[in-house]
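These notes are about the structure you will find just below.
The values are calculated or read from the model by the stated rules, or taken from the named source; none is laboratory data. Computed from a predicted model, the values in this text were never measured in an experiment. All Cβ positions, even for glycine, are placed from backbone atoms using ideal geometry, and neighbour counts span all protein chains on display.
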Amino acid sequence: MLKEILVKKKAQEDLSNEPKLIKNKYKSNSLKKALEKRENALIGEIKFKSPSEGKIIEEELENLVRKMEKLNSLSILTESNYFNGSIDYLDRVKEIYKKPVLRKDFIYDKRQLYQTKRHKADAVLLITSILGEKLTEFVQLSNKLKLDPLVEVKTKKELDLALKTKTKLIGINNRNLETLGINLERTKKLSQYIPEEITTVSESGIKDIKDIKELEDYCDAFLIGTAFMKSNNLEKKVDKFLCA
């Protein structure tokens, strides 16, 4: 699935005119600092569709943001083919949400980092299995652009690569990006190797309070998307998770 997403994305995306100079004077909000403000910090993810769920929700982006405004930060899917996202969503979200916003996409080219900054994101997801040995360069450029890099890993080998960089945020993806299956044990297994000064985020498969209670001793924050997007009462769901 990951290879399929990347092939289609590279075929459709034109980065040739993406400037390498950022003219906007937008001052980033630190995702790491936001997550350090409370135990079991939450990143709420907005996505309208996903490969594992299909179409999830039909609602105005701004309405979703307002219903999730109590959360520490938001993750915005900007990939268009499989998640119905758009890079312009970042600008729209930042118009009404003043806390950190993470761009979640499949980053493979450094020009995408300039693009991310230009659209006023505060942080960017870097997937280790995509970048491989180039990960260090992408983390360095992200830091230079004052974009907090959230480095995503799924295996011990990927984690070892992530720990060689200067990232202060590591996300453990509980989903197998090929089979789309979920394994929460992955957070428990990999988190033991992450130094205390690095903020650890458990990503994917967090469906209810029970999952948070199960993993709270193994990570600092949770990235939650589908559980919010499929809720019949999003504001109530947010409050419930915040009280976990």
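Looking only at residues that are outside any loop (DSSP other than H, G, I, E, B) and out of contact with any strand residue (DSSP E or B) (no Cβ under 7 Å at 6 or more places or on another chain) in the range 199-225, which one is farthest from R66 (Cα to Cα)? Among those residues, the one meeting the criterion is E214. Scanning the range 147-195 for residues that are at pLDDT 95 or above, over 30 Å from H119 (Cα atoms) and either aromatic (F, W, Y) or in a loop (DSSP other than H, G, I, E, B) (or both) turns up T155, L184, Q192, Y193, I194, P195. Screening D208 with (1) of a type outside the set (G, A, S); (2) within 18 Å of the chain's Cα centre (by Cα); (3) modelled with pLDDT under 95 gives one miss only, at (2).
The residues listed here are K156, K99; of these, the one that is within 29 Å of P19 (Cα to Cα), in contact (Cβ under 8 Å) with a residue 24 or more places away in the chain, touching a helix residue (DSSP H, G or I) at 6+ places or on another chain (Cβ under 7 Å) and of a type outside the set (A, V, I, L, M) is K99.
Considering L215, L234, which residue is modelled with pLDDT of 95 or more, in contact with a Phe, Trp or Tyr (Cβ under 9 Å, 6 or more places away or on another chain), closer than 27 Å to A162 by Cα and among the aliphatic types (A, V, I, L, M)? Step through it out loud before you land on a result.
Working: L234 fails: closer than 27 Å to A162 by Cα.
Sole residue among the options that is modelled with pLDDT of 95 or more, in contact with a Phe, Trp or Tyr (Cβ under 9 Å, 6 or more places away or on another chain), closer than 27 Å to A162 by Cα and among the aliphatic types (A, V, I, L, M): L215.
Scanning the range 167-201 for residues that are buried (at least 20 other Cβ atoms within 10 Å of the Cβ) and free of Cβ contacts under 8 Å to residues at least 24 places away in the same chain returns no hits.
For L2, indicate whether it is touching a residue at least 40 places away in the same chain (Cβ under 8 Å), under 16 Å from the mean Cα position of the chain (by Cα), more than 14 Å from K94 (Cβ to Cβ) and exposed (fewer than 15 other Cβ atoms within 10 Å of the Cβ).
Yes.
Taking (1) out of contact with any Asp or Glu (no Cβ under 7 Å at 6 or more places or on another chain); (2) within 30 Å of Y218 (Cβ to Cβ); (3) at pLDDT 95 or above in turn, E95 satisfies each apart from (2).
A Cβ distance below 7 Å, combined with a sequence gap of six or more or placement on separate chains, defines the contacts here; from the range 217-244, residues that are among the hydroxyl-bearing types (S, T, Y) reach residues that are assigned to a loop (DSSP other than H, G, I, E, B) and surrounded by fewer than 20 Cβ atoms within 10 Å (Cβ to Cβ) in the pairs T226/E53; T226/I56.
Where helices (runs of 4 or more DSSP H) fall wholly inside the range 21-107, the ranges with 3 or more residues that are farther than 20 Å from T167 by Cβ are 61-67, 88-96. Filtering the range 202-234 to residues that are among the charged types (D, E, K, R) and surrounded by 17 or more Cβ atoms within 10 Å (Cβ to Cβ) leaves E203, D211, D220.
Restricting I56, I5 to those that are in contact with a helix residue (DSSP H, G or I) (Cβ under 9 Å, 6 or more places away or on another chain) and modelled with pLDDT under 95 reduces the list to I56. Evaluate the following for E158: is it under 22 Å from M229 (Cα atoms), buried (at least 18 other Cβ atoms within 10 Å of the Cβ) and charged (D, E, K, R)? So E158 fails the test.
Inspect the range 28-38 for any residue being in contact (Cβ under 8 Å) with a residue 24 or more places away in the chain, surrounded by 16 or more Cβ atoms within 10 Å (Cβ to Cβ), among the basic types (K, R) and over 14 Å from F228 (Cα atoms) and give the result as yes or no. Yes, the conditions are met somewhere in the range 28-38.
The residues of the range 95-114 that are more than 15 Å from L71 (Cβ to Cβ), within 16 Å of the chain's Cα centre (by Cα) and of a type outside the set (D, E), listed by number, are R103, F106, I107, Y108, Q112, L113.
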